[in-house]
Amino acid sequence: MAMSCKDGNKHGIDNGKYVRYTPEQVEALERLYHECPKPSSIRRQQLIRECPILSNIEPKQIKVWFQNRRCREKQRKEASRLQAVNRKLTAMNKLLMEENDRLQKQVSQLVYENGYFRQHTQNTTLGAKDTSCEPVVTSGQHNLASQHPPRDASPAGLLSIAEETLTEFLSKATGTAVEWVQMPGMKPGPDSIGIVAISHGCPGVAARACGLVGLEPTRVAEILKDQPSWFRDCRAVDVLNVLPTANGGTIELLYMQLYAPTTLAPARDFWLLRYTSVLEDGSLVICERSLKNTQNGPTMPPVQHFVRAEMLPSGYLIRPCEGGGSIIHIVDHMDLEPWSVPEVLRPLYESSTVLAQKMTMAALRQLRQIAHEVSQSNGTGWSRRPAALRSLGQRLTRGFNEALNGFNDEGWSVMGNDGMDDVTILVNSSPDKLMGLNISFANGFSAISNAVLCARASMLLQNVPPAILLRFLREHRSEWADNNIDAYSAAAVKVGPWSLPGSRVGSFGNQVILPLAHTIEHEEFLEVIKLEGIGHTPEEAMMPREMFLLQLCSGMDENAIGTCAELIFAPIDASFADDAPLLPSGFRIIPLDSGKEASSPNRTLDLASALEIGPAGNRAPNDSVNSGCSRSVMTIAFEFAFESHMQEHVASMARQYVRSIISSVQRVALALSPSHLSSHGGLRSPLGTPEAQTLARWICNSYRCYLGVEILKSGIEGGELVLKTLWHHSDAIMCCSLKALPVFTFANQAGLDMLETTLVALQDITLEKIFDDHGKKTLCSEFPQIMQQGFACLQGGICLSSMGRPVSYERAVAWKVLNEEENAHCICFMFVNWSFV
């Protein structure tokens with residue numbers, strides 16, 4: 001078989017000759033390429049020895065073959081990526097043209113209304129207004145439903161309501177029935193989630209989104225109808241009746257319940273009509289609206305503990321896209337009855353931005369996530385894993401919502417308090433709640449818990465960014481968690497005997513975060529927390545002291561407006577089974593103000609410094625202090641399995657534990673508040689510490705010594721200027737210790753961004769944690785050279801952030817950092833041209 005670098009069937013070498021490979025040789029090389037696409041010279045020689053069919057080929061020719069093979073693979077991937085981008089841009093262009101047409105119609109309507117109201121204003125000075133001449137449509141927010149006569153509960157009456165709902169929905173999705181304004185912080189583009197807008201001046205709250213998804217319309221409709229799978233606030237959707245229509249559509253009568261996001265507000269429910277039909281152009285439409293008494297349709301009596309909210313005409317317009325996939329328009333329009341909640345919480349129920357984040361964008365994210373998983377499926381059996389991980393995350397959120405709401409029909413009942421109403425105790429002894437918890441232990445011990453207790457509370461926070469507070473709670477568990485209670489909570493799923501609260505169970509000071517999965521927008525992370533430690537007594541020291549928590553973390557993007565931050569976790573068995581029993585606990589922080597929080601990703605450093613070393617602590621660079629005031633509400637809920645005769649004891653323990661957490665959170669929030677930080681005039685920047693300046697000088701001098709070039713621009717002198725320039729260097733620079741298990745000790749701003757961490761949490765990250773298997777092998781092979789020669793240049797590859805997010809880099813340089821005595825102080829790495837994959 002003739003193979004050349006021109007036609008892909010021959011491989012050229014330096015002397016200009018061509019090497020002819022047999023089909024068997026090509027098959028062997030392809031097999032080896034899939035095992036190791038970039039073999040070293042030693043590995044290539046080993047390949048020739050292990051594979052006799054390649055014995056007549058020189059190692060240099062093998063090297064050229066692998067180079068060309070990698071080049072073809074890179075070109076193929078790039079061509080595929082560009083084709084996908086081109087399809088997305090074509091569809092996005094079509095979407096933008098339609099949006100432009102809609103906006104032009106809206107402008108024309110506003111010009112007409114402006115002229116009409118101007119003429120009306122002038123006429124009022126001349127005489128009484130003649131209402132008989134008033135146009136039918138005088139405002140983009142006119143309530144069309146009031147113009148139609150009441151309907152009845154017959155199939156014909158329901159079809160009339162359904163057709164009316166369809167017309168109103170389409171007028172919102174593609175017309176001008178609602179004045180839409182772009183949601184703050186959302187910029188459309190080929191890689192964006194879509195075009196997201198919120199209503200301006202219409203009754204209730206409304207949000208609209210347009211986007212592209214790589215799924216067929218029928219699959220999109222199936223996912224969107226399953227609201228509990230993607231709308232985390234949705235408790236249940238019951239289909240009470242289904243009626244087929246003459247045009248091939250269906251009418252469904254639904255009863256939907258939503259969880260309350262906090263203990264301070266009641267839950268919501270809806271009595272809905274849902275209409276599914278196909279338009280003449282082949283588009284699939286799913287539209288919904290509330291059924292009210294004014295329509296004379298079927299009714300649903302009020303349900304205890306729920307406030308009946310209203311859904312105005314809303315739904316989904318799904319159109320097939322050329323080349324595959326779908327173009328989708330989403331409209332959510334609700335009246336959430338804000339009068340039923342305390343005044344401080346009403347912004348949550350009056351904000352279209354909150355609705356867009358929680359519902360409209362959540363639908364698009366779910367579709368994009370599933371489309372991404374389908375495209376990444378390789379048919380090896382792992383294709384089911386993303387769905388299983390999503391299911392675990394949904395179970396965590398659902399269990400937390402159940403504990404927070406404490407519905408009677410799920411077996412929850414309120415327990416008497418201790419004279420103070422700051423912490424509410426609920427008890428659940430329902431068999432459904434306990435199912436899966438009463439497992440038998442392999443060593444003869446058995447879990448005999450026959451009830452579950454929940455301690456919950458809510459508190460108002462002033463002037464502290466939810467994302468920053470959540471990040472601190474995640475990274476510094478020891479600041480608020482109690483080891484004894486963590487161990488007691490694990491007893492429901494942990495194999496082996498555990499102590500009751502109040503006894504000594506050892507120390508769990510070492511926290512290791514093991515990423516499991518994240519969504520493609522990285523707004524949500526699923527991870528396992530491994531708590532390690534050693535017992536206090538000799539007997540305890542002989543036992544392995546470790547426990548695992550399954551943890552869901554979301555809302556850590558400080559720039560996202562209207563997003564709540566959640567940290568929900570549950571003890572889990574070391575097997576991490578998909579159906580493992582879970583008792584979720586955690587925190588939910590909901591911003592009550594729609595304004596942006598001015599803050600820095602490294603604000604947690606301020607808190608750690610203030611807590612550990614007081615006012616003289618170091619402060620992160622470029623940390624802007626926000627003098628404005630913002631509010632948020634934090635809800636805390638912790639669950640415990642227990643034996644019925646221990647109820648009073650466990651209730652007392654849980655109540656005191658939640659109160660101690662509230663106290664810790666208040667201390668944390670105070671340290672994070674800008675007013676607290678600005679009051680400490682002695683706070684210094686790390687750029688001013690002598691130790692940091694010395695390390696920066698060592699890094700630069702060692703780089704110059706080993707590589708013969710400057711890492712910074714020439715002419716930069718002075719310790720503080722050197723450190724400041726190194727800190728803002730565009731490439732990721734980070735140092736790790738010279739230990740058996742190297743850990744990071746320093747990183748510049750680009751390095752922290754690449755690892756998605758802070759200076760405080762950086763010291764918990766080991767060097768091997770950021771490399772994949774190939775990177776670890778490369779590092780092991782090059783490490784002796786670093787120690788002997790002083791430096792090594794590493795080829796580009798993939799590493800991982802602390803969140804488990806893949807990061808590609810063009811190349812990397814590693815070198816020894818020498819101190820004043822020319823002894824090795826640490827190893828420094830510089831990752832050039834890095835980017836998230």
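The values are calculated or read from the model by the stated rules, or taken from the named source; none is laboratory data. Note that this is a predicted model, so its numbers are computed, not measured. All Cβ positions, glycine included, derive from the backbone under ideal geometry; neighbour counts span all protein chains shown. Just the protein is used for accessible areas: all its heavy atoms, side chains included, with ligands, DNA and RNA removed. Shrake-Rupley method; radii C 1.70, N 1.55, O 1.52, S 1.80 Å.
Miscellaneous remarks
- Cα-projected label distance for residue 33 with residue 728, points at 7 Å along beta-carbon direction, nm: 4.6
- Contour excess over end-to-end distance, with Cα ends at residue 240 and residue 479 and 0.36 nm allotted per residue: 81.1 nm
- Global geometry of the range 224-323, whether rounded, prolate or oblate, following the gyration tensor of its Cα atoms and the 1.5 cut on a/c: oblate
- For the range 294-366: rounded, prolate or oblate by the Cα gyration tensor [a/c cutoff 1.5]: oblate
- Shape class for the range 155-374: oblate, because the ratio a/c of the largest to smallest gyration tensor axis (alpha-carbon atoms, square roots of eigenvalues) is 1.5 or more and b/c is at least a/b.
- Rounded to whole Hz, the Karplus (6.51, -1.76, 1.60) HN-Hα couplings of the range 156-173, x for glycine and proline: 5, x, 5, 5, 5, 5, 5, 5, 4, 4, 4, 4, 5, 4, 4, 5, 7, 6
- Subtracting the Cα-Cα distance of residue 517 and residue 832 from their residue separation scaled by 0.36 nm leaves 110.8 nm.
- Positive-end ranking of 327, 304, 249 along the dipole of the range 155-374, with charges on Cβ about the Cα centre, is headed by 304.
- Simple spin-label estimate for residue 247 and residue 85 in nanometres, 7 Å along Cα-Cβ: 4.1
- Computed E for residue 450/residue 409 - FRET, C-beta separation, R0 30 angstrom, nearest 0.05: 0.90
- For residue 811, nonlocal amide neighbours, meaning residues 5 or more places apart or on other chains whose placed amide H falls under 5 Å from its own, are 832.
- The residues of the range 737-837 expose, per residue, 45 Å² of accessible area to a 1.4 Å probe.
- Cα-projected label distance for residue 22 with residue 63, points at 7 Å along beta-carbon direction, nm: 2.6
- Our estimate of slack between residue 107 and residue 811, defined as 0.36 nm per intervening residue step minus the Cα-Cα distance, is 248.3 nm.
- Out-of-range pairs (alpha-carbon distance over 23 Å; input 38/74; 724/777; 776/816; 38/777; 739/816): 724/777
- Taking amide H as placed 1.01 Å from N in the peptide plane, the amide H of residue 643 sits under 5 Å from that of 450, each at least 5 places away or on another chain.
- Calculated FRET efficiency, residue 664 to residue 48, Cβ-Cβ distance, R0 = 45 Å: about 0.10 to the nearest 0.05.
- Residues of the range 161-179 with amide N under 13 Å of a point placed 7 Å along Cα→Cβ from residue 117: 179
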